[in-house]
């Protein structure tokens, strides 16, 4: 019996889609790098069905690709032809909100925004948040250890997970749905499944931390002249603001290009560094007083405080940089480096790229507090080899500073061959040992994350 | 050649202590449950020496017990006779403080208080803190995922580790000394070594997060009548105080026993619940205003705000409860439960114990925000079987609420046989798979954490 027949026999045709019934969207995530339709798409509605599907696939040595909202940027959810997809989108819903414990238990297929709204209705903030909130799913957020815009206050996704349930390649259900802040009973197994991009098992449920909903928000756009002032301002803001919720740095080229693209102007002249600084939950007076102090310390040269929601939107519009999408073959790098060297890195990598590719557009912005910067590069209608060369130039600089080639987007297939730029041979070997222990037949999302040994 | 001869031949007699040179203190941690002197004690001064020692022991199938400051409470660092101890206390020192990144890199043997002071001198707070700070070591803090008194603000030890270096059983050095807040490059290997109590490898170095030093502190002692008011106060404090740094609940029996033992009095009568609430970094006015609001909401019935350091010390003295040490054969349970059921649990377990052991002293306090309570039980000069029976009664209640039999102290040997009360057969099996993958000869701290299958 073929694997698809075996799956259909146990799970039924409503769950197992094959042939013409395979949806086009199962081909690729948002990186649009996926080229193949899978052999079949399984859409389980219960944890037990996930377990059954994996047990059958494992017995057949059938490769399995887990899929969530398909909003990834690294190809981690893209099937090869012949792979079986397990889509989590029907294993969805909030199981429980425990207001006393401050926890939410949700199934993997729950859309992030649905979970956020459920938390808000219960009077809480779900700290996990990112641009793709309307389509990405909790299971995908956990599998990729998603970053996003609240990391400065609440940490990455990993920091917001208390418990987790996952199904191993052989169909074993590992239910670790812990609701406690402290629990030192043996190995913290959930950590294995967070950020491993579906290569060690399929996450089916999670217990997430909830926080009190903050009241009020204050936002300022600040112009600074020196990178050391940016760092000093960050340190002061962490210490002096009661709820620092954003500290986003735009280097001059990024700020100018985006500002002009949006037809906006703020200061008389653009500064070498522009920072959006935001506070959630504190008073407007305290925020203004803080900025006044920073002026006196000569850390900031100019500042605008948002007087309305519209002002705030104008600041953020420049930072979001929709205007960059107009650049041909834009490459958006997502790297992290020790905070102190971010400017040096940005300067050096820009110089290297401009030298090798005259006329290239390079601009940089960053979640500085998270050590994370994004570098936008566009060298016109280049071929794949040139794009690969640009990648290599950037990642060589990352390696030199012992940085990370992927701060928040993950590895998938697109960064897989660069993984040794950030991880040692011993680390990669240990990852393979773990992989072999949990998935001895190698059926879980093969070809993703780990370079071929 | 015997393993001790092989170790001495490669490392020298200054590093390898055998026979009469084995110090008495290598017998037991603070649980005083250790009964045996080891075969030898190795005191490496470099990571390479740790690797050499493990490589030799692995080749000989020699069991190894890592030791830090020996302040554990679960027997996790106690050798069996015949085991070889690797003591980290000479692999000590701060390697680096990166002020821009807010990180400290320290060797495993660094005493916690030494690391804290180094951070303070550089203008930072090292968030990891616990009572044993003067003797416990960073490596032990990480291996046990220590909790302590700053968890409410900064999380457990795991949350404060960015990078880590560990040596596997076969001597492979896994150096993952990441300094970035975000890094999604493959599996997060450091998580394996944090909290696994030396059963998967020996931690040699770590990169720890530093936070800005907070200014000022305000402390109050509050009397409350109902547990739901305690939960509501916690929720409000998390939302309304800018730097909530302690929320410690004492149930009436605990408060009265400790208060009387210290010869202190605070309110006209003792309340069913007494809470120490503390803020770090905010203003005294805001703290007073917050408490005023809580009065108006009728969440608190009485409150004293510390007017001096001496006042503050008096509050904390009751909570620290030195007076309990006078009770014969005191058992200090360290359990966690979903926050909403903490009071129900405390009431039920007290009733069960009082029914089975008439005259038993039972009292409870807790780090409520961390889901963690400590239960003090003393039934007089009991024998081991009775003590075991008391353990069982408590842990059966924990199991019933899907709680954790160890919130912060770890499993070691003392709680090993109760681990199935908090973890499923599938979880234990997966732990064993991980253990076998990293330590195929089973030399790393055998007999600890994992119950015999």
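List of remarks:
- Only residues that are at the interface with chain A (Cβ under 8 Å from one of its Cβ atoms) and either more than 11 Å from residue B:76 (Cα to Cα) or without any contact (Cβ under 8 Å) to a residue 24 or more places away in the chain (or both) were counted across segment B:401-428, and they come to 14.
- Residue match in segment B:157-171 (condition: over 26 Å from residue A:407 (Cα atoms) and crowded, with 21+ Cβ neighbours inside 10 Å): yes
- Residue B:448 falls short on exactly one of the conditions (1) assigned to a helix (DSSP H, G or I); (2) under 18 Å from residue B:194 (Cα atoms), and that condition is (1).
Conditions (1) out of contact with any helix residue (DSSP H, G or I) (no Cβ under 9 Å at 6 or more places or on another chain); (2) assigned by TED's automatic domain parsing to the domain that holds residue A:226, marked per residue:
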{"residue": "A:300", "(1), (2)": "no, yes"}
{"residue": "A:303", "(1), (2)": "no, yes"}
{"residue": "A:311", "(1), (2)": "yes, yes"}
{"residue": "A:331", "(1), (2)": "no, no"}
{"residue": "A:335", "(1), (2)": "no, no"}
{"residue": "A:341", "(1), (2)": "yes, no"}
{"residue": "A:345", "(1), (2)": "no, no"}
{"residue": "A:353", "(1), (2)": "no, no"}
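One line per residue, one yes/no per condition, for (1) at pLDDT below 95; (2) at the interface with another protein chain (Cβ under 10 Å from one of its Cβ atoms):
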site: A:217; (1), (2): yes, no
site: A:224; (1), (2): no, no
site: A:234; (1), (2): no, yes
site: A:240; (1), (2): yes, yes
site: A:262; (1), (2): no, no
site: A:286; (1), (2): yes, yes
site: A:289; (1), (2): no, no
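- Of all residues in segment B:158-180 being facing chain A (nearest Cβ under 9 Å) and assigned to a helix (DSSP H, G or I), the one that is farthest from residue A:372 (Cα to Cα): B:158
- Residue within segment B:122-136 that is at positive phi, out of contact with any strand residue (DSSP E or B) (no Cβ under 6 Å at 6 or more places or on another chain) and surrounded by 20 or more Cβ atoms within 10 Å (Cβ to Cβ) present: no
- Scan of segment A:181-215 for residues that are facing chain B (nearest Cβ under 7 Å) and not in a strand (DSSP E or B), ordered by number: A:181, A:182, A:183, A:184, A:185, A:186, A:187, A:188, A:189, A:191, A:195, A:196
- Just so you know, in segment A:315-337 the residues that are surrounded by fewer than 21 Cβ atoms within 10 Å (Cβ to Cβ) and more than 15 Å from residue A:261 (Cβ to Cβ) include one that is nearest to the other protein chains (Cβ to nearest Cβ), and it is A:332.
- Selected residue (only one of B:146, B:132, B:119 is closer than 28 Å to residue B:35 by Cα and part of a helix (DSSP H, G or I)): B:132
Here is a yes/no grid of residues against (1) at pLDDT 95 or above; (2) buried (at least 21 other Cβ atoms within 10 Å of the Cβ); (3) under 25 Å from residue A:33 (Cα atoms):
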{"position": "A:364", "(1), (2), (3)": "yes, yes, yes"}
{"position": "A:371", "(1), (2), (3)": "yes, yes, no"}
{"position": "A:401", "(1), (2), (3)": "yes, no, no"}
{"position": "A:407", "(1), (2), (3)": "yes, yes, yes"}
{"position": "A:411", "(1), (2), (3)": "yes, yes, yes"}
{"position": "A:423", "(1), (2), (3)": "yes, yes, yes"}
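- Selection count, segment B:94-117, where residues are more than 11 Å from chain A (Cβ to nearest Cβ) and more than 21 Å from residue B:147 (Cα to Cα): 3
- Within segment B:141-156, if we keep just the residues that are more than 7 Å from chain A (Cβ to nearest Cβ) and surrounded by fewer than 24 Cβ atoms within 10 Å (Cβ to Cβ), the residue that is modelled with the lowest pLDDT turns out to be B:149.
- Of the criteria (1) more than 11 Å from every other protein chain (Cβ to nearest Cβ); (2) in contact with a helix residue (DSSP H, G or I) (Cβ under 6 Å, 6 or more places away or on another chain), which one residue B:369 fails: (1)
- The strands (runs of 3 or more DSSP E) located wholly in segment A:216-298 that include 2 or more residues which are free of Cβ contacts under 8 Å to residues at least 60 places away in the same chain, touching a strand residue (DSSP E or B) at 6+ places or on another chain (Cβ under 7 Å) and crowded, with 21+ Cβ neighbours inside 10 Å occupy A:273-280.
The values are calculated or read from the model by the stated rules, or taken from the named source; none is laboratory data. Predicted model, so just to flag it, every value in this text is computed and none were measured. Note that we place each Cβ from the backbone using ideal geometry, even for glycine, and neighbour counts take in every protein chain shown.
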